[in-house]
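Some notes on the structure that comes next.
The values are calculated or read from the model by the stated rules, or taken from the named source; none is laboratory data. Values in this document were obtained by computation on a predicted structure and should not be read as measured data. Glycine gets a Cβ as well: all are built from the backbone with ideal geometry, and neighbour counts include every protein chain shown. Accessible surface is based on the protein model in full, side chains and every heavy atom, while ligands, DNA and RNA are left aside. Shrake-Rupley method; radii C 1.70, N 1.55, O 1.52, S 1.80 Å.
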Amino acid sequence: MKKNDLLFVIVATLLMSVPAGYEPHHFAKTLFATATLNALAYSLLMMWASRWSNVVRDLLTTLLVVLFAVETFTYVRFGSRFDPGILTLVLQTSGKEALEFAQTYLLKPWPIAALAATIAFLLLLLRLVTGRKPKSAVASSRYLTPGLGSSSRRRERHERTKQRVLLAVGMLVVAVGVALPFIRLPFPVGRNTLNELASDIRFVADKHHEIEDMERMLANIRISRSPKKEEAPVVVLVVGESFNKHHASLYGYPLPTTPCLDNQRASGRLVVFSRATTPTNATASAMRYIFSLKSCNSRSGEQQPYVLMPAVFRKANYDVRYFDNQYTRSSGGSLDYSCGYFLNPQPINSQCFSFRNDTTMAFDADFVSHYAARFGVQPKSLNIIHLMGQHFDARQRYPETFAVFKASDIKRNDLDEQERQRVADYDNATRYNDHAVGLILQRFMHRDAVVVYLSDHGEQVYDGPNHFFGRYFGDDQTPETLDNVFQVPFVVWYSDIFAHRHPALVQKLRSAANKPFCIDDVAYLLFHLAGIDFNYNQPQRDILDANYRWHASKISDE
């Protein structure tokens with residue numbers, strides 16, 4: 001391999017892989033490492049394809065520098081890699097809007113300086129990676145040694161062996177690197193800049209058709225039963241985050257991590273479901289299951305996943321309000337694909353919600369207190385509240401005043417001091433989450449209200465032989481993961497007024513507490529509590545219905 005070929009491989013690999021490390025993710029190092037291996041495979045292929053053509057190498061180098069510059073700019077300015085939302089924005093931008101964008105973001109001293117530095121860097125690279133040995137040197141090398149001695153022949157054989165080894169290693173790297181994104185692994189794989197762009201294009205194309213299907217299905221919703229306003233309760237769905245149920249005193253954990261919910265159970269207002277599971281270990285997927293009628297085992301009809309739960313409530317004349325402390329529509333508008341992207345396009349948003357928050361806060365209790373006055377408390381209201389919960393890093397999820405537990409409180413000999421402190425941080429975040437949920441319950445204490453709380457998924461907190469903290473990604477189904485990540489807390493709280501007005505519902509809730517339940521069916525529970533029936537309803541997925549049939553998820557019913 002020539003010196004300029006090696007330089008091209010190194011530079012191309014870095015240009016393609018460095019943006020993978022921009023991800024604000026607790027697997028950031030893994031994302032960068034896997035993206036680097038994948039990028040190295042691409043770089044070797046590019047090097048071989050362009051070895052005899054300076055024009056091809058110039059084009060490839062320019063493309064990689066441009067993609068790197070774009071990803072770096074969007075990360076510095078918007079805190080994100082070049083993603084589907086930004087791609088959609090580019091595709092929808094008019095000439096006037098492009099000019100306004102340039103005036104706002106590019107025609108400033110530091111962007112101009114960065115652009116000049118990028119151009120200078122590109123010109124230098126083009127000179128270095130496309131360098132060739134002068135013709136005179138090449139020609140003269142043919143005639144320097146008219147004959148080969150034995151030592152020269154040995155050197156030549158050694159050189160051929162070396163080249164074959166390098167070729168074999170290169171082919172192995174290419175095979176592994178190219179196949180890496182398609183191999184099922186217990187952790188996420190980073191995407192190099194080319195893969196990221198291709199993924200964005202595929203995502204936007206797929207989701208554009210998906211949004212069209214959702215709009216069509218929303219128009220086909222027909223309500224067959226809806227209660228009168230004075231007879232309808234206030235329904236609240238609270239979605240937690242990264243909650244390991246085995247770290248809740250509500251489920252038998254030795255430390256008092258859920259004092260509020262413990263007290264509510266003692267008062268008789270709380271039903272604790274013991275066998276709830278989630279079909280996924282990722283928030284974005286869980287939100288899709290929660291907000292739509294999608295089933296994790298594909299039992300529902302082909303079009304069923306495109307029916308959105310909030311839209312059914314709106315069609316039934318419920319006031320539907322959505323409060324999310326992780327994502328807001330205003331932060332990315334209808335182009336924000338970060339989590340509940342399918343809720344953001346204006347035609348869908350307007351058919352699902354009468355209110356959405358436009359700001360988030362560092363701590364959930366502050367968020368709840370800030371928006372409590374905007375909660376729908378009148379009859380026939382649905383409030384959906386998505387909290388940060390115990391999301392990584394748990395230490396960042398609670399204020400210092402809630403640092404109740406210390407490393408010394410974690411009585412585990414299998415952990416060192418740092419690990420015990422990490423568990424204590426998680427338990428403090430769990431206690432703070434309980435406090436935030438308690439504030440929500442207080443808001444509805446004197447209303448005819450019922451509150452459903454669940455977590456999108458759990459988290460591993462060194463609870464098992466693998467000694468792991470966090471979540472494996474992919475289709476990991478070890479007993480440790482199934483127990484700590486796919487089992488989730490699931491409770492239903494009701495006010496005294498609700499218990500007085502709807503005793504039959506209370507009895508059904510208590511009778512269902514030990515039934516197996518997957519959170520992809522939570523919409524049907526909400527419809528039952530709200531007294532709604534409609535043309536796409538499936539009573540067999542309603543845990544309160546006499547015909548309820550539990551369906552298999554990742555955790556078998558044992």
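If you take the residues in the range 520-544 that are touching a Lys or Arg at 6+ places or on another chain (Cβ under 8 Å), part of a loop (DSSP other than H, G, I, E, B) and free of Cβ contacts under 8 Å to residues at least 60 places away in the same chain, which one is nearest to R288 (Cα to Cα)?
I543
Which of the numbered conditions does H209 fail, given that it passes all the others? Conditions: (1) farther than 24 Å from L40 by Cα; (2) touching a Gly at 6+ places or on another chain (Cβ under 8 Å).
Against the list (1) farther than 24 Å from L40 by Cα; (2) touching a Gly at 6+ places or on another chain (Cβ under 8 Å), H209 comes up short only on (2).
Considering (1) of a type in the set (F, W, Y); (2) farther than 26 Å from T258 by Cβ; (3) open to solvent by 10 Å² or more (accessible area, probe 1.4 Å), say which one Y524 fails and leave the rest.
It is condition (3) that Y524 fails.
Are there any pairs, at least 6 apart or on different chains, whose C-beta atoms fall under 6 Å, with the first in the range 226-247 and small (G, A, S) and the second crowded, with 24+ Cβ neighbours inside 10 Å and not in a loop (DSSP other than H, G, I, E, B), and if so, which?
Pairs found: G240/S455.
Can L454 be described as closer than 30 Å to D521 by Cα, part of a strand (DSSP E or B), open to solvent by less than 10 Å² (accessible area, probe 1.4 Å) and not β-branched (V, I, T)?
yes
If I ask for residues that are under 18 Å from K29 (Cβ atoms) and β-branched (V, I, T), which ones from the range 177-192 would you list?
Within the range 177-192, V189 is the sole residue that qualifies.
Which condition breaks for A504 when tested against (1) surrounded by 22 or more Cβ atoms within 10 Å (Cβ to Cβ); (2) hydrophobic (A, V, I, L, M, F, W, C); (3) assigned to a helix (DSSP H, G or I)?
(1)
Among (1) open to solvent by less than 40 Å² (accessible area, probe 1.4 Å); (2) farther than 30 Å from K380 by Cβ; (3) not in a loop (DSSP other than H, G, I, E, B), there is one condition H246 misses while meeting the rest; what is its number?
(1)
Listed residues L64, L44, L31, L40; which is buried (at least 21 other Cβ atoms within 10 Å of the Cβ), of a type outside the set (D, E) and touching a Pro at 6+ places or on another chain (Cβ under 7 Å)?
It is L31.
If we keep just the residues of the range 63-77 that are under 23 Å from the mean Cα position of the chain (by Cα) and aliphatic (A, V, I, L, M), which is nearest to Y22 (Cα to Cα)?
Within the range 63-77, the match that is nearest to Y22 (Cα to Cα) is V76.
Can you tell me which residues in the range 372-418 are in contact with a His (Cβ under 7 Å, 6 or more places away or on another chain) and crowded, with 22+ Cβ neighbours inside 10 Å?
R397 - this is the single residue of the range 372-418 that is in contact with a His (Cβ under 7 Å, 6 or more places away or on another chain) and crowded, with 22+ Cβ neighbours inside 10 Å.
Among the helices (runs of 4 or more DSSP H) lying completely within the range 265-334, list those that include at least 2 residues that are modelled with pLDDT of 90 or more and among the basic types (K, R).
309-315
Please work out which residue is least open to solvent (accessible area, probe 1.4 Å), limiting yourself to the range 190-242 and to residues that are hydroxyl-bearing (S, T, Y) and within 30 Å of V65 (Cα to Cα).
Taking the candidates together, the pick is T193.
I need the helices (runs of 4 or more DSSP H) fully contained in the range 105-218, keeping only those with at least 1 residues that are modelled with pLDDT of 75 or more and of a type in the set (G, A, S).
Once the helices (runs of 4 or more DSSP H) in the range 105-218 are filtered for at least 1 residues that are modelled with pLDDT of 75 or more and of a type in the set (G, A, S), what remains is 109-129, 150-179.
Based on this model, can you work out whether Q378 counts as without any contact (Cβ under 8 Å) to a residue 12 or more places away in the chain and within 30 Å of I497 (Cβ to Cβ)?
The answer is no for Q378.
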